[in-house]
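Throughout, read-outs are computed from the coordinates displayed, never taken from laboratory work. What you see is a predicted model, and the numbers here were worked out from it, not measured in a lab. Cβ: placed from backbone, ideal geometry, glycine included. Neighbour counts: every protein chain shown.
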Amino acid sequence: MRLYNTELKPQRAFLIAANTNEYDVETSLQELKELAETAGAEVVGMTIQNLPTINNATYIGKGKLLEVKEYCEQQDVEMLIFDDELSGAQIRNIEDETGMNVIDRTMLILDIFALRALSNEGKLQVELAQQKYLLPRLYGLGSQLSRQGGGIGTRGPGETKLESDKRHIRRRIESLEQELKELEKRRDNVRKRRQKNDVITIAIVGYTNVGKSTLLNLLTDAGVLAKNQLFATLDPTARELKLKDGQSAVIIDTVGLIQRLPHQLVQAFKSTLEEAANADIILNVCDISNENVDIQIKVTKELLDELGCGDIPIITVCNKIDKVNREALSPMNNRTVFISAQENIGIDDLLDCIAAVLADSTRRMNLLIPYAEGSLLDRIRRQGKILSEEYQENGTLIDAILDIKMVQQVEQYIIK
């Protein structure tokens, strides 16, 4: 009996970048290599061309492209991956010149997201990003899109296939956006219930593959997929966390970030990332063993600012200290902690820091609110967290946690 190997061979890929001094191209190209390998490609080479500006027709110069083509023919390369977003015309021109499949950075990331999305919402978000990416590129993706559809009997006046495709994509985008709005309403209702039930919310954010899911698993036994690969998990996971003072909190893992994350994906996953904008505390997790750790922190901080998280306390969690010389580490401030989620190191320090941040931004106090001050009690319910409530002869006795900005308003009702 003859046996056949049914395993699919990884596609052989060559990576290309143009350096116009707009960003650290070598770091970005290395990240592209990780992305390509995550998607299942075998990277057999890469090149960078220094250019004053991008070539509108073929992205890099035609001479360089010919050089790449000759090398790829010798190495049996099947695919060119560009470390930038290409236009439809550029993709078509490069494919015509080289005879190879061409994808860009955004297409590659969208492909990985499509593989990783598990929830219905995650899948809808990825498809929406894909459709928005495709729509402006239909003009350049080949003459076959511009034929009259149907053959004999369909020639003459009527819409071209290109126009038909564009109309279909626009309708699909509208449909996806509507479905996501409905899901967003449900998420808003969940957030409101958390606020009504006085639940502390902690969001884990950070670069992809820095150990966010491993940290969530360690803190809560969440059982979230935690692999050493980019975008191992896309869908937000919320779990209960017991704090040291006995309070319960909800801790939420969010989608990982990378440098130059495509605009379509930032927009598509904005509703998911907005979990951070509604949190009481944000844990910005980074990989302290990565030489680009400063870039990781910066990229995350920029997105948090874009989401309007400027007033939310942020704890910088430097993960993977088991891979570095610990004696050389020194905290940047009192909201920096060093941990290893993999080795369960420094977790008590992290929990202490969370408690300290909560203590800095809130006060726990016993208050006797007169019945005549019902509006104040309502405001405390909305803006604070009531742990217990008891009706007495002179008013309502409450044990509450209040934002420090509210303390002055209730000072006269504090029971010493």
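In this label model, N50 and I345 are separated by 4.1 nm, measuring between points 7 Å along each Cα→Cβ vector.
In a shell of Cβ-Cβ distance under 10 Å around G99, excluding G99 itself, what net charge do Lys and Arg (+1) and Asp and Glu (-1) give? Residues near G99 contribute -3 overall. Backbone amide hydrogens, once placed in the peptide plane, bring I345 within less than 5 Å of S340, excluding anything fewer than 5 places away on its chain. Subtracting the Cα-Cα distance of E174 and E327 from 0.36 nm times their residue separation leaves 49.6 nm of extension gain. Net charge around F82, counting only other residues with Cβ within less than 10 Å of its Cβ (Lys, Arg = +1; Asp, Glu = -1)? Local charge sum for F82: -3. Of the residues V68, V407, V25, the one with the fewest other Cβ atoms within 10 Å heads the list, and the complete ranking is V407, V25, V68. Neighbour counts of C-beta atoms inside 10 Å place R239, R186 in the sequence R186, R239, starting with the fewest. Computed from the C-beta positions of K244 and K123 and an R0 of 35 Å, the FRET efficiency is 0.35 to the nearest 0.05. Value of Rg to Rh for the range 12-112, rounded to two decimals, is 0.92; Kirkwood radius and Rg both from alpha-carbon coordinates. Each Lys or Arg adds one and each Asp or Glu subtracts one; over the other residues with Cβ under 11 Å from the Cβ of I54, this totals -3.
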